[in-house]
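Comments concern the structure below.
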Amino acid sequence: MAVKDLTLSFTVDSSAVMPLFDRLRSALEKLEVHVANLVRTNIEELMEKGDLVVVVTHFNKDDMSSVVCLYPSEGLLRIAKAVFAKRYEDLLPPQLGNLAAVYEKHRGSK
């Protein structure tokens, strides 16, 4: 039995991540250089780990169509939350974040 005229449809839906990337890009332009570099470093680390976005594929066997949806990962959402809340210390590695908290506590007690 031969199969003729088999057509596959493939679509990528990035509507869940593009607005977030646009907002982050806009925020980066307004940040001090060292803070923007910290944000970029965090994003690059997620990319290297393959953990920047979550990929979910929906396949419809009736019409042989496939939709690949991209969603922000927990790590990307954590970065965005820190940037939008202006809590840049949340982007520091844990050991530096602890030092920053101690410094702020000490500075506040004076």
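Computed from the coordinates by the stated procedures, all read-outs in this text should not be read as laboratory data. All of these numbers come straight from a predicted model, not from anything done at the bench. Positions of Cβ are generated from backbone atoms using ideal geometry, with glycine treated the same way; all protein chains shown enter the neighbour counts.
Taking amide H positions as placed 1.01 Å from N in the peptide plane, with prolines and chain starts having none, which residues 5 or more places from Val53, or on another chain, fall under 5 Å of its amide H?
Sorted by chain and number, the residues that satisfy this are Ser73.
7 Å from Cα along Cα→Cβ at both Thr57 and Ser26: what's the point-to-point distance in nm?
3.4 nm
Can you tell me the length gained on complete extension of the stretch Val68 to Glu44, counting 0.36 nm per residue apart and subtracting the Cα distance?
6.4 nm
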